[in-house]
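The values are calculated or read from the model by the stated rules, or taken from the named source; none is laboratory data. Remember, it's a predicted structure, so these values are computed and weren't measured experimentally. Note that we place each Cβ from the backbone using ideal geometry, even for glycine, and neighbour counts take in every protein chain shown.
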Amino acid sequence: MEEIKKLVLNDVHEALGGKLIPFAGYNMAVRYTSDIEEHMAVRNGVGVFDVSHMGEFFLRGPKALELIQKITSNDASKLTPGRAQYSCFPNNQGGIVDDLIVYKMSDEEYMLVVNASNMQKDWDWVSGHNDLDVELENASDQYCLFAVQGPKATAVLQKLTSVNLSEIKYYHFEQGAIAGADDVIISATGYTGSGGFELYVKNKDAKTVWDAVFEAGKDEGIQPIGLGARDTLRMEMGFCLYGNDINDTTSPLEAGLGWITKFTKVFTNSEALKIQKEDGVAQKLVGFEMIDKGIPRHDYILENEAGEEIGIVTSGTQSPMLSKGIGMGYVKKEYANPETIIYVAVRKRKLKAEIKKLPLVTI
């Protein structure tokens, strides 16, 4: 049995009444009140996720960029210091090792933020391809990560820092002091679609920053938010979750990630993916809304009107914003166009749904 790790602020989450469950090797709060209440707090106000389980790798040296270019699908040469980029590690079989965010700290230093469930796999992947003498550091146990999300997040955090948060564009970041903690990485790279920032904080400063953020947000009704609402928020946006919507067997092109797959350079399996792009994919990841009442669940079969199997659900939930079931899934490409009617097989019933353009909710 793998030992379940505790977050630095585990006791805080217990004291807040969080329901803690094992997730990606960590004891994580799935909710504090209700998924719907927490979801709407982020959409309308401000909420804080403790996502300190995420992994942070630092790559340093004159060839750090060359290594990143070799193992990621996006073109990191476009980055300047203070910018971040969504990307993925393609594997040699046409699938994805993991999706990640690449941060350019300086010309010879980058931070890669990876999923907790893949941390060891990713470390082995990066290390195994490092034939360029790049200095690698796995700093995952040194940082806490707080995602302060929602339309009121900027106003709350601005009380705690002299950094002009309104000037940090989406997928940009600054380093500065927050609530007296130095060298916090303040990043506009949220997973909710409602705006806000992610704060990379050294462990020693975690409790101070967490308490200060909640004190600053009292008048705005700030709330702690669990994994349940994190999942419903990202599904409304159509953001992929590794292990559900993308995995070792799904191509980035099938997953709608062609925009982070740049063939202006050579990277892992790029030749095969280039051929796939030219030939076209057989299936595509789509978003859909339920017409009939019901909630699509992971691994439910998708069918056409004749009852033929055309795909599979990868993620599904009840959307608090739309008050109806929504989902994501892979379908044969001929069924991938918006407004196409499909059916979700739920036990012996066939529930009607409609393909929609992502995001499913416009904020």
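Return yes when Ser87 is in a loop (DSSP other than H, G, I, E, B), among the small types (Gly, Ala, Ser), touching a strand residue (DSSP E or B) at 6+ places or on another chain (Cβ under 6 Å) and within 27 Å of Gly226 (Cα to Cα) and no when it is not.
No.
Just for the range 83-127: of the residues that are aliphatic (A, V, I, L, M) and touching a helix residue (DSSP H, G or I) at 6+ places or on another chain (Cβ under 9 Å), which one is surrounded by the most Cβ atoms within 10 Å (Cβ to Cβ)? It would help to see each step written out before you state the result.
The initial filter retains those residues of the range 83-127 that are aliphatic (A, V, I, L, M), namely 84, 96-97, 100-102, 105, 111-114, 116, 119, 126.
Of the ones still in play, those that are also touching a helix residue (DSSP H, G or I) at 6+ places or on another chain (Cβ under 9 Å) are 97, 100, 102, 112, 114, 116, 119, 126.
On the way: Val97: 23, Leu100: 28, Val102: 20, Leu112: 24, Val114: 25, Ala116: 20, Met119: 20, Val126: 23.
Restricting to residues being aliphatic (A, V, I, L, M) and touching a helix residue (DSSP H, G or I) at 6+ places or on another chain (Cβ under 9 Å), the top hit is Leu100.
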Checklist line | Boolean, Ile222 is out of contact with any helix residue (DSSP H, G or I) (no Cβ under 7 Å at 6 or more places or on another chain), modelled with pLDDT of 95 or more, aliphatic (A, V, I, L, M) and buried (at least 21 other Cβ atoms within 10 Å of the Cβ) | finding: no
Next item on the list: Tell me, please, whether a residue that is farther than 22 Å from Gln69 by Cβ and not in a helix (DSSP H, G or I) can be found in the range 125-143.
Entry: yes
Checklist line | Conditions (1) within 27 Å of Leu67 (Cβ to Cβ); (2) among the charged types (D, E, K, R); (3) in contact with an Asp or Glu (Cβ under 8 Å, 6 or more places away or on another chain); number of the one not met by Lys152 | finding: (1)
Check: Quick check, is Ile68 of a type in the set (Val, Ile, Thr), under 18 Å from Asn118 (Cβ atoms), under 20 Å from the mean Cα position of the chain (by Cα) and not in a loop (DSSP other than H, G, I, E, B)?
Finding: yes
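Per-residue answers, yes or no, for (1) surrounded by 19 or more Cβ atoms within 10 Å (Cβ to Cβ); (2) in contact (Cβ under 8 Å) with a residue 40 or more places away in the chain; (3) in a loop (DSSP other than H, G, I, E, B):
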residue	(1), (2), (3)
Pro151	no, yes, yes
Leu157	yes, yes, no
Lys169	no, no, yes
Phe173	yes, yes, no
Gly176	no, no, no
Asp183	no, no, no
Ile186	yes, no, no
Next item on the list: Please work out if Gly128 is over 24 Å from Thr80 (Cα atoms) and small (Gly, Ala, Ser).
Entry: yes
Next item on the list: Determine whether the range 116-123 contains at least one residue that is without any contact (Cβ under 8 Å) to a residue 60 or more places away in the chain and more than 16 Å from the chain's Cα centre (by Cα).
Entry: yes
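In the range 128-149, which residue that is of a type in the set (A, V, I, L, M) and either closer than 14 Å to Glu56 by Cα or free of Cβ contacts under 8 Å to residues at least 60 places away in the same chain (or both) is surrounded by the fewest Cβ atoms within 10 Å (Cβ to Cβ)?
Of all residues in the range 128-149, those of a type in the set (A, V, I, L, M) come to 132, 134, 136, 139, 145, 147-148.
Subset that is either closer than 14 Å to Glu56 by Cα or free of Cβ contacts under 8 Å to residues at least 60 places away in the same chain (or both): 136, 139, 145.
Details: Leu136: 16, Ala139: 13, Leu145: 22.
Per the stated criteria, the residue is Ala139.
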Next item on the list: Looking only at the range 45-60, decide whether some residue is surrounded by fewer than 16 Cβ atoms within 10 Å (Cβ to Cβ), part of a strand (DSSP E or B), of a type in the set (Val, Ile, Thr) and at negative phi.
Entry: no
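Table: residues versus (1) among the polar types (S, T, N, Q); (2) in contact with a helix residue (DSSP H, G or I) (Cβ under 9 Å, 6 or more places away or on another chain); (3) in a helix (DSSP H, G or I).
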site: Ser194; (1), (2), (3): yes, yes, no
site: Leu199; (1), (2), (3): no, yes, no
site: Asp205; (1), (2), (3): no, no, yes
site: Val209; (1), (2), (3): no, no, yes
site: Gly228; (1), (2), (3): no, yes, yes
